[in-house]
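Below is one structure; the comments refer to it alone.
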Amino acid sequence: MSEYPVNMALKPQVEAFFDAATNTIAYVVKDPSTNACAIIDSVMDIDYAAGQITYDHADQMIGYIQENKLDLQWIIETHVHADHLSAAPYLQEKLGGKMGVGENITIIQETFGKFFNEGTEFQRDGSQFDALFSEGSTYKIGTMDAFTIHTPGHTPACMVHVIGDAAFVGDTLFMPDGGSARCDFPGGSAAELYASIQKVLSLPDDMRLFMCHDYGPNGRDIQWETSVVEEKEHNIHVGGGKTKADFVKFRTERDAILDMPTLIIPSLQVNMRAGVVPTDEDGNPQLKVPLNKL
């Protein structure tokens, strides 16, 4: 454990908030020694068909933090999500805290800035966030140390956040019976994802792993917590000694038949802006729908 820059014997308190509309799990992670906490992968609600944005899910997290008199210090995005919208600015306005994401957000912003035909006013330097993390970056939540692992493959900006004995894996891994995330978005790579997963699986066997999504395969109840050893032994895509060649072949064939996420168009526009909804020239919130590009 000495090779890692955090005390992995520390056990942060983790409270999960499941969003059934997007099968996303967001987390409040609390320092056991203080009232300091972080939010991981928040959700802003959208009725895409009606063009309505609300904050019911974020308000649940705010209520929990206020009820327990916690001090929100960080609002973390494990990556630029393509299936739900971040509530980071709303949470920051209500509770404070710094917003952080992987430094390769700039690659996402450059790619999708062109995709959505954004003008020069859209900054592509990650400056919408308060902190940009790289491999091995460290930060504190109260007295508790956290560090980041760069895990590209799903997207170039994916990061796993290790906080004590808990790792928040974003879309790098799903529960053992869920496997892994797709790699066919711009900048994705099945080979890179396999290598990234090996980084995660090199963490201590008893490390708690917290998922960003779960879809209840085969009708089981929704779950979001597992361990490194469980993933190593039982993950249906990479566990049990599956090779890189096996994974790349499976993942490539699987991704070729997947539909695009329902909320990919609004999610990318909002999340590459750190959760800010873009506006038209009059300042009204407005989303673009590029045609025949995905």
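The values are calculated or read from the model by the stated rules, or taken from the named source; none is laboratory data. Bear in mind that the values here come from a model prediction, so they are computed numbers and not experimental data. Note that we place each Cβ from the backbone using ideal geometry, even for glycine, and neighbour counts take in every protein chain shown.
For residues that are assigned to a strand (DSSP E or B) and small (Gly, Ala, Ser), scanning just the range 97-128, find the one that is farthest from VAL28 (Cα to Cα). Top of the filtered list is GLY102. Condition check for ILE108 on (1) surrounded by fewer than 23 Cβ atoms within 10 Å (Cβ to Cβ); (2) closer than 29 Å to LYS293 by Cα; (3) at pLDDT 95 or above; (4) out of contact with any helix residue (DSSP H, G or I) (no Cβ under 6 Å at 6 or more places or on another chain): one failure, at (1). State whether the residues of the range 239-256 include one that is free of Cβ contacts under 8 Å to residues at least 40 places away in the same chain and under 21 Å from the mean Cα position of the chain (by Cα). No, the range 239-256 has no match at all.
In the range 37-44, the condition of being closer than 13 Å to TRP224 by Cβ and among the β-branched types (Val, Ile, Thr) is met by at least one residue.
When ALA82, ALA58, ALA26 are checked against the criterion of being outside any strand (DSSP E or B), within 25 Å of LYS199 (Cβ to Cβ) and touching a Ser or Thr at 6+ places or on another chain (Cβ under 7 Å), ALA82 stands alone in meeting it. If you take the residues in the range 119-130 that are without any contact (Cβ under 8 Å) to a residue 40 or more places away in the chain and surrounded by 17 or more Cβ atoms within 10 Å (Cβ to Cβ), which one is farthest from SER196 (Cα to Cα)? Per the stated criteria, the residue is ARG124. Against the condition over 20 Å from ARG208 (Cα atoms) and either of a type in the set (Phe, Trp, Tyr) or assigned to a loop (DSSP other than H, G, I, E, B) (or both), how does TYR4 come out, does it pass? For TYR4, the condition - over 20 Å from ARG208 (Cα atoms) and either of a type in the set (Phe, Trp, Tyr) or assigned to a loop (DSSP other than H, G, I, E, B) (or both) - is not met. Among residues of the range 2-31 being out of contact with any Phe, Trp or Tyr (no Cβ under 7 Å at 6 or more places or on another chain) and of a type in the set (Gly, Ala, Ser), the one that is modelled with the lowest pLDDT is SER2.
Within the range 260-294, the residues that satisfy the criterion of being among the charged types (D, E, K, R) and more than 16 Å from PHE115 (Cα to Cα) are ASP280, GLU281, ASP282. May I ask you to list the residues in the range 61-77 that are in contact (Cβ under 8 Å) with a residue 40 or more places away in the chain and in contact with a Ser or Thr (Cβ under 8 Å, 6 or more places away or on another chain)? Within the range 61-77, MET61, ASP71, GLU77 qualify. Would you call GLY63 modelled with pLDDT of 95 or more and either surrounded by fewer than 22 Cβ atoms within 10 Å (Cβ to Cβ) or on the phi > 0 side of the Ramachandran plot (or both)? Yes, satisfied. Summed over the range 85-96, residues that are of a type outside the set (A, V, I, L, M, F, W, C) and part of a loop (DSSP other than H, G, I, E, B) total 2. Of all residues in the range 81-101, which are of a type in the set (Lys, Arg) and surrounded by 22 or more Cβ atoms within 10 Å (Cβ to Cβ)? Hits for the range 81-101: nothing passes. Considering only the range 154-171, state which residues are touching a Gly at 6+ places or on another chain (Cβ under 7 Å), in a loop (DSSP other than H, G, I, E, B) and buried (at least 24 other Cβ atoms within 10 Å of the Cβ). Scanning the range 154-171 gives HIS154, THR155, ALA157, CYS158.
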